[in-house]
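Peer 1: This is the structure, below, for whatever I ask next.
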Amino acid sequence: MSESYVRHGYGTVRPYLYGAYELPGFLADVFGATEIERHEAGDRRAAHVELKLGDSVLVVEAGEIPPEHDTTEASVYVYVEDVDTVYKKAIAAGAESISEPETQPYGERSCGFTAFKNTWWVATYLNR
């Protein structure tokens, strides 16, 4: 996809997340996300960061959010090649477990955890 009206040419639907300044680093370490754009706030420890994760883009408002902005906690469902490895990385990086990796009757191995006030549901599709 290379739509001229879409920032960076891909990802017409993007999760928009709020979290600590360290959230983009967590996403890089745990999921292998790569930063494609960053704008630092000059007056506080905060940044607007866009990260590519697989064929998707995550938008992150990281750090100190001005009090006039409302923030929303989110749930994000992410497919990965190896759910067990991602889960272990997330827990080692300080995420709190909701559910350990388990094979589901609908053909996925999935887990859940919370990190930076957001919920992450992670799965590997097994019926390839």
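Peer 1: Just the residues that are under 16 Å from the mean Cα position of the chain (by Cα), assigned to a loop (DSSP other than H, G, I, E, B) and of a type outside the set (Gly, Ala, Ser), please, taken from the range 45-70.
Peer 2: Once the filter is applied, which keeps residues that are under 16 Å from the mean Cα position of the chain (by Cα), assigned to a loop (DSSP other than H, G, I, E, B) and of a type outside the set (Gly, Ala, Ser), the range 45-70 yields only Asp55.
Peer 1: Kindly evaluate Thr85 against the criterion of being surrounded by fewer than 16 Cβ atoms within 10 Å (Cβ to Cβ), without any contact (Cβ under 8 Å) to a residue 12 or more places away in the chain and outside any strand (DSSP E or B).
Peer 2: It is true that Thr85 is surrounded by fewer than 16 Cβ atoms within 10 Å (Cβ to Cβ), without any contact (Cβ under 8 Å) to a residue 12 or more places away in the chain and outside any strand (DSSP E or B).
Peer 1: Would you confirm whether or not the range 114-124 contains a residue that is in a helix (DSSP H, G or I), in contact (Cβ under 8 Å) with a residue 40 or more places away in the chain and in contact with a strand residue (DSSP E or B) (Cβ under 9 Å, 6 or more places away or on another chain)?
Peer 2: No, the range 114-124 contains no residue that is in a helix (DSSP H, G or I), in contact (Cβ under 8 Å) with a residue 40 or more places away in the chain and in contact with a strand residue (DSSP E or B) (Cβ under 9 Å, 6 or more places away or on another chain).
Peer 1: Looking only at the range 10-27, which residues are exposed (fewer than 15 other Cβ atoms within 10 Å of the Cβ) and of a type in the set (A, V, I, L, M)?
Peer 2: Passing the criteria: only Val13.
Peer 1: Take Gly42 and decide whether it is surrounded by 15 or more Cβ atoms within 10 Å (Cβ to Cβ) and either touching a residue at least 60 places away in the same chain (Cβ under 8 Å) or not in a strand (DSSP E or B) (or both).
Peer 2: So Gly42 does not fit the description; no.
Peer 1: Related question: Could you tell me which numbered condition Tyr5 fails, if it satisfies all but one of (1) more than 25 Å from Asp82 (Cβ to Cβ); (2) surrounded by 14 or more Cβ atoms within 10 Å (Cβ to Cβ); (3) without any contact (Cβ under 8 Å) to a residue 12 or more places away in the chain?
Peer 2: (2) is the only condition that Tyr5 fails.
Peer 1: Just to be sure, is His8 over 11 Å from the mean Cα position of the chain (by Cα), over 17 Å from Trp121 (Cβ atoms), modelled with pLDDT under 95 and in a helix (DSSP H, G or I)?
Peer 2: In short, yes.
Peer 1: If Glu73 satisfies every condition in (1) touching a residue at least 24 places away in the same chain (Cβ under 8 Å); (2) exposed (fewer than 14 other Cβ atoms within 10 Å of the Cβ); (3) more than 25 Å from Arg7 (Cβ to Cβ); (4) acidic (Asp, Glu) but one, which is the exception?
Peer 2: So the condition that Glu73 fails would be (3).
Peer 1: Could I ask something else about it? Among residues belonging to the range 88-106 that are on the phi < 0 side of the Ramachandran plot and among the small types (Gly, Ala, Ser), point out the one that is surrounded by the most Cβ atoms within 10 Å (Cβ to Cβ).
Peer 2: Ala90
Peer 1: So which of Ala92, Ala20, Ala62, Ala33 is out of contact with any helix residue (DSSP H, G or I) (no Cβ under 7 Å at 6 or more places or on another chain) and without any contact (Cβ under 8 Å) to a residue 60 or more places away in the chain?
Peer 2: Ala92
The values are calculated or read from the model by the stated rules, or taken from the named source; none is laboratory data. Just so you know, these numbers come straight off a predicted model, no measurement behind them. Cβ atoms come from the backbone with ideal geometry, glycine included; neighbour counts cover every protein chain shown.
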